[in-house]
1. Please give, to one decimal in nm, the separation of the simple spin-label points placed at residue 16 and residue 91, each 7 Å out from Cα toward the Cβ.
2. Distance in nm between label sites at residue 117 and residue 162, each 7 Å beyond Cα in the beta-carbon direction?
3. Counting only helical runs of four or more DSSP H residues, what would the 222 nm mean residue ellipticity of the chain come to if each run contributes -39,500 (n - 2.57) and the total is spread over all its residues?
4. Taking the Cα centre of each part, how many Å lie between the range 12-32 and the range 103-142?
5. If you line up the long axis of helix 190-211 against the longest principal axis of the chain, both from Cα atoms, how many degrees apart are they, to the nearest 10?
6. What full-extension length gain, to one decimal in nm, is calculated for residue 7 and residue 101 as 0.36 nm per residue of separation minus the Cα-Cα distance?
7. Hey, quick one: spin label on residue 251, modelled 7 Å out along Cα-Cβ, who in the range 219-244 has an amide N within reach, i.e. under 18 Å?
8. Measure nothing fancy, just the Cα-based angle from helix 72-82's long axis to the longest principal axis of the chain, in degrees from 0 to 90, nearest 10.
Ligand code: PAF
């Protein structure tokens with residue numbers, strides 16, 4: 001594995017890769033969820049590139065940019081063991097320049113749910129993903145379904161800008177107790193973690209309702225709200241189709257149920273694709 005930190009070094013190493021390339025962009029603090037993306041990229045491509053870059057433009061004023069978990073040594077080891085070919089770890093000045101052109105998330109689907117609570121977050125996220133995809137030029141890029149709105153917007157960007165790379169949605173990885181893996185889980189105390197389980201439990205409840213034949217979104221949301229009352233604050237519960245338009249009734253194979261809630265100072269999200 002080569003570790004590169006500048007664009008020039010990256011380009012030199014990229015030129016040496018032959019055949020299909022799979023790309024996994026990350027912000028580091030790698031866990032089993034990231035590892036599952038890397039493993040899939042390994043299975044489906046001849047070479048794999050991983051990037052680690054805590055992207056400042058997708059953090060809002062007052063968010064956890066400074067305290068976002070950073071574990072460089074462990075991350076390097078995980079990538080090495082996973083058989084990554086190029087690990088790209090740029091500094092901010094390699095990725096951003098003064099007064100540069102900005103991408104903007106779509107006005108509706110980029111400003112609901114996560115985008116409503118974190119206005120501007122998706123502009124910065126799309127900006128960096130566009131840069132990274134142009135730079136790495138992979139055949140396939142891998143993104144987790146846990147960040148479902150991010151995945152939908154990246155997929156739309158790739159289509160709207162006629163990008164040639166395939167955007168590959170990957171399953172959510174959960175801990176033994178059902179908690180969806182997230183780099184932010186390290187902020188949770190034991191007590192918080194118990195409360196955090198109500199996110200996945202609310203989605204299990206929703207799935208049970210659907211399996212029992214309930215299609216009405218309002219009824220499913222009410223049942224979820226009850227389970228989520230164990231959290232410190234529910235931010236949203238939403239039932240949407242896969243294009244992120246609201247649904248009154250579940251449509252099988254084309255619905256996503258999403259939830260965001262606060263546990264103490266930590267904001268968690270989770271979802272299930274039905
Ligand atoms: O999901 C993430 O870790 C980030 O949003 C991404 C896609 C690496 C862009 O910074």
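No value in this document is a laboratory result; all are computed from the given coordinates. Quantities reported herein were computed from a predicted structural model and do not represent experimental measurements. When we count neighbours, we look across all protein chains shown, and the Cβ atoms used for this are built from the backbone with ideal geometry, even at glycine.
1. Inter-label distance under the simple model: 2.3 nm.
2. If labels sit at residue 117 and residue 162, their model points lie 3.8 nm apart.
3. Working: 9 runs with 104 residues, N = 274.
It comes out at -11500 deg cm²/dmol, rounded to the nearest 500.
4. 19 Å
5. In the chain, helix 190-211 runs at an angle near 70 degrees to the longest axis.
6. Numbers: separation 94, 0.36 × 94 = 33.84 nm, distance 1.86 nm.
Taking residue 7 through residue 101 to full extension adds about 32.0 nm, to one decimal.
7. What the label zone holds, given the 18 Å backbone N cut-off, is 238-244.
8. Roughly 90 degrees, rounded to the nearest 10.
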